[in-house]
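The values are calculated or read from the model by the stated rules, or taken from the named source; none is laboratory data. Because the structure is predicted, anything quoted here is derived from the model rather than measured. In this analysis, Cβ positions are derived from the backbone assuming ideal geometry, glycine residues included, and neighbour counts consider all displayed protein chains. Each accessible area value is taken on the protein alone, full model and side chains, heavy atoms only, with ligands, DNA and RNA left out. Shrake-Rupley method; radii C 1.70, N 1.55, O 1.52, S 1.80 Å.
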Amino acid sequence: MKPVEMLSSKEISMIEFREKLFMEEVEKYVAVITGERESILPYIRDENGIYSEKMAWEFIGELTKCAHIYWEYQKEKDRREYENEKYPVSEIEALAGASDAFSAEEEEYLQSFLYCVIRIVDANPWRNTLKVTQTFQDFIWFANEHYEEAGRLYAAEATAEACGNHYENLKGIYRPADWLTHLFTGTYLSDRYSDWEQEEYFGYLSPALRRELEEFNCKPSRLRDEISSGLDSDEIDRMCAQYEEDYLADLSEEERAAYAVRVARKTEKERKAEEEKERIKAQFAEKEQFVRRYLTFKEYRYAPEYEEACAMDEDDLSKMYIVQNLDVIVKGMVRLFTESRGLSRIQDDKAYFTATALLKQSNKRFWKLEKEQTRRDEYV
């Protein structure tokens with residue numbers, strides 16, 4: 001034990017890191033009971049293990065049906081809560097929505113999201129470095145990871161393109177989907193924003209990046225080219241070689257060996273990145289469909305009109321509910337699907353009470369060990 005003032009940033013960071021790891025283990029435990037850890041590949045691949053567009057859309061149709069049912073349940077639940085709190089009828093209808101069915105636009109938004117997740121999970125870009133599990137958990141994880149505002153997403157995309165890091169620092173679905181979209185189209189995601197949007201979101205960029213863009217008077221996607229303009233490839237190679245020679249001259253033999261290892265790792269990483277591009281290009285069917293669905297999802301997710309709820313009519317409020325509560329709907333959808341397919345053990349009394357008992361026993365055992373350790377420490 002130590003006073004809170006004595007806790008260092010490193011210790012606080014370790015507390016958060018260990019809590020995150022612990023909660024991931026808890027989530028895995030829950031996922032086994034709910035069926036979330038079951039693979040989705042049997043629903044999207046044929047008997048030869050090849051992705052099937054037909055199977056994928058049949059799967060999406062089943063998932064959409066589950067989402068509809070959960071949506072109706074959720075809205076009825078909301079209405080009861082508002083009625084219990086004595087809201088006026090007009091406000092209840094506005095808040096909970098007058099319609100219990102998805103509109104065509106709402107369904108397109110949901111299905112675009114599901115399609116993108118399925119294609120990402122099947123292709124598995126970067127081979128499991130993305131946290132992709134190829135299970136129902138991926139739907140839930142991707143539904144939870146979003147940017148709060150369009151400006152923050154633009155800043156993340158623009159920064160990635162200005163630095164040439166292949167969207168590695170983006171979060172959630174945007175990292176793999178942006179990378180795939182750029183790979184398939186050759187266009188940059190930040191360039192897809194209108195001139196008005198780019199001007200509006202300019203303030204979200206870091207001060208350093210803003211200064212560079214103002215100095216070179218270019219878009220983020222063009223920054224690296226503008227910086228290197230006037231230098232041909234041979235000249236750049238000579239500059240790099242001279243820099244490396246000067247750098248190595250001041251190093252010991254041991255440091256040179258370590259540097260060589262770092263260079264080899266970087267070269268290997270670049271080689272694997274190129275191999276990954278070729279693998280994805282070769283195996284990824286319906287590329288145009290993926291790009292269209294992803295851009296549709298983004299368009300709904302960050303539609304400007306959803307940012308001002310006070311100006312919305314009833315239909316817009318309903319759409320905003322779908323957009324902002326995607327995580328709730330998707331989690332409920334997964335619960336209903338796994339239950340209907342016999343993948344969940346939640347309603348299996350034996351499995352459920354066994355899992356609960358084991359959890360309680362672990363809790364009691366840990367608490368007992370902690371008490372014993374405390375007594376030993378006091379005795380010493």
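For residues that are in a helix (DSSP H, G or I) and among the aliphatic types (A, V, I, L, M), scanning just region 1-12, find the one that is most open to solvent (accessible area, probe 1.4 Å).
Keep residues of region 1-12 that are in a helix (DSSP H, G or I), which gives 4-6, 9-12.
From the residues that got through so far, the ones that are among the aliphatic types (A, V, I, L, M) too are 4, 6, 12.
Details: 4: 107, 6: 125, 12: 79 Å².
Within region 1-12, the match that is most open to solvent (accessible area, probe 1.4 Å) is 6.
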**Q.** Verdict on residue 231 being hydrophobic (A, V, I, L, M, F, W, C) and modelled with pLDDT of 75 or more
**A.** no
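Mind checking which residues of region 331-360 are of a type in the set (S, T, N, Q) and open to solvent by less than 90 Å² (accessible area, probe 1.4 Å)?
Narrowing region 331-360 to residues of a type in the set (S, T, N, Q): 338, 340, 344, 347, 354, 356.
Scanning region 331-360 gives 338, 340, 344, 354, 356.
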Q | Complete set of residues in region 13-31 that are modelled with pLDDT under 85 and open to solvent by less than 90 Å² (accessible area, probe 1.4 Å) | A | 21, 23, 24, 26, 28, 29, 30, 31
(Q) If I filter region 141-156 down to residues being touching a helix residue (DSSP H, G or I) at 6+ places or on another chain (Cβ under 6 Å) and farther than 18 Å from residue 207 by Cβ, which single residue comes out as surrounded by the fewest Cβ atoms within 10 Å (Cβ to Cβ)? (A) 144
Q: Consider only pairs whose beta carbons are under 8 Å apart and that are at least six residues apart or on different chains; among these, list those whose first residue lies in region 255-267 and is modelled with pLDDT under 85 and whose second residue is surrounded by 10 or more Cβ atoms within 10 Å (Cβ to Cβ) and not in a helix (DSSP H, G or I).
A: 259/251
Q: Go through region 34-78 and give me each residue that's without any contact (Cβ under 8 Å) to a residue 40 or more places away in the chain and basic (Lys, Arg).
A: 54, 65, 75, 77
Q | Among the candidates 199, 157, residue that is in contact (Cβ under 8 Å) with a residue 24 or more places away in the chain and either in a helix (DSSP H, G or I) or over 23 Å from residue 44 (Cβ atoms) (or both) | A | 157
Q) Can you tell me how many residues in region 203-225 are free of Cβ contacts under 8 Å to residues at least 24 places away in the same chain, in a helix (DSSP H, G or I) and open to solvent by 60 Å² or more (accessible area, probe 1.4 Å)? A) 8
Q: Can you tell me which residue among 132, 121 is open to solvent by less than 20 Å² (accessible area, probe 1.4 Å), modelled with pLDDT under 90 and either assigned to a helix (DSSP H, G or I) or touching an Asp or Glu at 6+ places or on another chain (Cβ under 8 Å) (or both)?
A: 132
Q. What number of residues within region 280-302 satisfy the criterion of being in contact with a Ser or Thr (Cβ under 7 Å, 6 or more places away or on another chain) and over 18 Å from residue 175 (Cβ atoms)?
A. 1
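Counting just the residues of region 268-297 that are without any contact (Cβ under 8 Å) to a residue 60 or more places away in the chain and surrounded by 12 or more Cβ atoms within 10 Å (Cβ to Cβ), which one comes out nearest to residue 110 (Cα to Cα)? Reasoning before the result, please.
Let us first name the residues in region 268-297 that are without any contact (Cβ under 8 Å) to a residue 60 or more places away in the chain, namely 268-272, 274-275, 278-279, 282, 292.
Filter once more, keeping what is surrounded by 12 or more Cβ atoms within 10 Å (Cβ to Cβ): 272, 279, 292.
Values: 272: 33, 279: 28, 292: 14 Å.
Once the filter is applied, the top-ranked residue is 292.
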Q.
Give me the residue from region 32-86 that is open to solvent by 90 Å² or more (accessible area, probe 1.4 Å) and basic (Lys, Arg) and, out of that set, farthest from residue 115 (Cα to Cα).
A. 86
Q) Can you tell me how many residues in region 298-311 are crowded, with 16+ Cβ neighbours inside 10 Å and either at pLDDT below 70 or among the basic types (Lys, Arg) (or both)? A) 3
